[in-house]
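The values are calculated or read from the model by the stated rules, or taken from the named source; none is laboratory data. All of these numbers come straight from a predicted model, not from anything done at the bench. We place every Cβ from the backbone using ideal geometry, glycine too, and count neighbours over all the protein chains shown.
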Amino acid sequence: MHPRRGTILAVASFFAFGSLLVLYGANSTELIVSLELDYADLGLLGSMLSLGLGVGIILAGPLIDRLPRRPLYVGACALVLVASTTLGPETGYRALLFHTIAIGFGAGFYETVLNALVVEDLGLRAPRRLVFVHAAATAAASATPLLFELARSFEPLAWYETFRIAGGAHGLLIVGALFVPMRSRATHGADAASGDADRPDDRTALAAVCVACFAYVGVESAISLFVADHATSVLELAPQRAGRTISAFWGGLLVGRLAIGLSPRPIGAGTTAGLALVAAVLMVSFGAGAIGTPELAMSGVGFFLGGVFPIMIGLAGLALPSSSGTAVGLAGGLGSLGGFVVPWLTGHVANTTTLSVALASLGLWLGLLVTGAAVAARRRPAT
């Protein structure tokens with residue numbers, strides 16, 4: 001990619017991507033009432049989004065190693081645009097499930113195109129650059145619930161209208177992509193950054209990264225989906241606090257992401273494992289009721305998880321330099337599989353016990369993240 005224009009497109013794309021991630025959580029109460037859902041139904045919506053993301057990411061990986069990138073990126077954005085703007089008051093739960101899969105597929109696909117391009121362009125510097133690029137998604141996820149809350153203070157805003165707004169932004173991305181060069185894998189192979197293409201493949205490191213991604217995305221999705229309703233139905237807080245709780249989590253992710261990206265210290269899987277362990281303790285404490293302010297707890301969890309996903313995605317591409325697109329797709333796809341499994345299981349735990357217990361159980365998944373990152377740290381250098 002052209003460095004400046006490519007960075008602008010990547011940041012704009014991840015900003016749009018981030019808004020999609022929190023649409024369901026930000027509208028959780030309205031979705032439950034309008035479509036007569038229980039927690040398992042709501043969890044399945046989050047799981048379908050992650051399923052679509054995962055399939056899109058996994059299919060994108062090998063395709064972007066073989067095909068021109070611009071048509072793939074534009075097609076993926078167009079799918080999100082159509083799937084989100086065709087929702088309306090007549091949309092039922094089953095139809096929403098299918099639209100959700102399509103939205104996730106397109107978003108996961110274009111995310112992977114951009115991740116692979118950054119890894120190929122920057123080599124060993126890619127994890128740090130991805131921290132900043134992914135920060136755009138975090139900023140959007142943090143701001144989106146607050147913006148919708150502000151809009152609803154002036155006039156009613158139905159859940160499907162928020163989807164149309166977030167999806168419609170992808171039309172601008174399609175236009176922007178026409179002005180950004182996207183080199184093919186063959187071109188990158190001739191002049192890969194830092195000679196990273198000559199590094200040997202490390203499938204053990206890639207497997208450990210995939211485990212960490214599975215656990216991280218699962219926890220991120222479950223928090224985004226359930227914590228707002230926990231604030232109103234369990235903690236009996238005002239509805240405005242629900243949106244702020246989601247924003248606190250994503251705001252913490254943003255601050256943590258920027259902090260680790262700006263740190264002069266080398267960043268890698270070892271740092272990630274240590275920070276994630278702190279997040280696990282905070283998550284269990286919040287679910288157990290030891291932390292009574294949800295905004296405080298979620299901002300803390302977000303802060304210590306801030307660098308996980310972009311660092312892991314960058315390390316995935318470095319672990320398999322012979323096929324960086326495939327490696328990035330595999331790690332992201334396994335992450336999305338976690339986003340499918342964890343919210344669904346969390347919803348069932350909430351139905352059989354309490355929502356507080358279900359949120360505390362996310363600490364176990366974070367323990368799996370710590371283990372995967374620790375193994376990867378023994379295999380890959382910090383950057």
Report, by residue number, each residue of region 12-25 that is assigned to a helix (DSSP H, G or I) and over 13 Å from ALA169 (Cα atoms). LEU21, LEU23, TYR24, GLY25
For region 292-313, what are the residues that are closer than 15 Å to ALA269 by Cβ and under 14 Å from the mean Cα position of the chain (by Cα)? LEU305, GLY306, GLY307, VAL308, PHE309, PRO310, ILE311, MET312, ILE313
Limited to region 81-118, what total is found for residues that are hydroxyl-bearing (Ser, Thr, Tyr), closer than 27 Å to GLY176 by Cα, at pLDDT 90 or above and out of contact with any Ser or Thr (no Cβ under 8 Å at 6 or more places or on another chain)? 4
Taking only pairs six or more apart or across chains, which ones have beta-carbon atoms under 8 Å, a first residue in region 228-252 that is among the acidic types (Asp, Glu), and a second residue that is part of a helix (DSSP H, G or I) and surrounded by fewer than 18 Cβ atoms within 10 Å (Cβ to Cβ)? ASP229/ILE32
Sort out which residues of region 279-291 are within 20 Å of the chain's Cα centre (by Cα) and either under 22 Å from LEU130 (Cβ atoms) or not in a helix (DSSP H, G or I) (or both), and write them in order of number. ALA279
Among the numbered criteria (1) under 21 Å from the mean Cα position of the chain (by Cα); (2) within 18 Å of CYS213 (Cα to Cα), which one does ALA360 miss? (2)
Checked region 256-273 for anything touching a residue at least 40 places away in the same chain (Cβ under 8 Å) and in a helix (DSSP H, G or I); matches are GLY256, ARG257, LEU258, ALA259, ILE260, GLY261, ALA269, GLY270, THR271, THR272, ALA273
Scanning region 333-363 residue by residue, the ones that are at pLDDT below 85, closer than 20 Å to THR138 by Cβ and not hydroxyl-bearing (Ser, Thr, Tyr) total 1
When restricted to VAL22, VAL74, VAL82, VAL11, the only residue among the β-branched types (Val, Ile, Thr) and under 30 Å from HIS348 (Cα atoms) is VAL22
If you scan region 324-368, which residues turn out to be farther than 14 Å from VAL227 by Cα and either of a type in the set (S, T, N, Q) or not in a helix (DSSP H, G or I) (or both)? SER324, THR326, SER336, ASN351, THR352, THR353
Return a yes/no flag: does region 315-325 have any residue that is crowded, with 24+ Cβ neighbours inside 10 Å, within 30 Å of PRO200 (Cβ to Cβ), in contact (Cβ under 8 Å) with a residue 24 or more places away in the chain and hydroxyl-bearing (Ser, Thr, Tyr). yes
Considering only residues that are over 17 Å from GLY307 (Cα atoms) and in contact with an Asp or Glu (Cβ under 8 Å, 6 or more places away or on another chain), which ones fall in region 348-383? ASN351, LEU355, ARG379
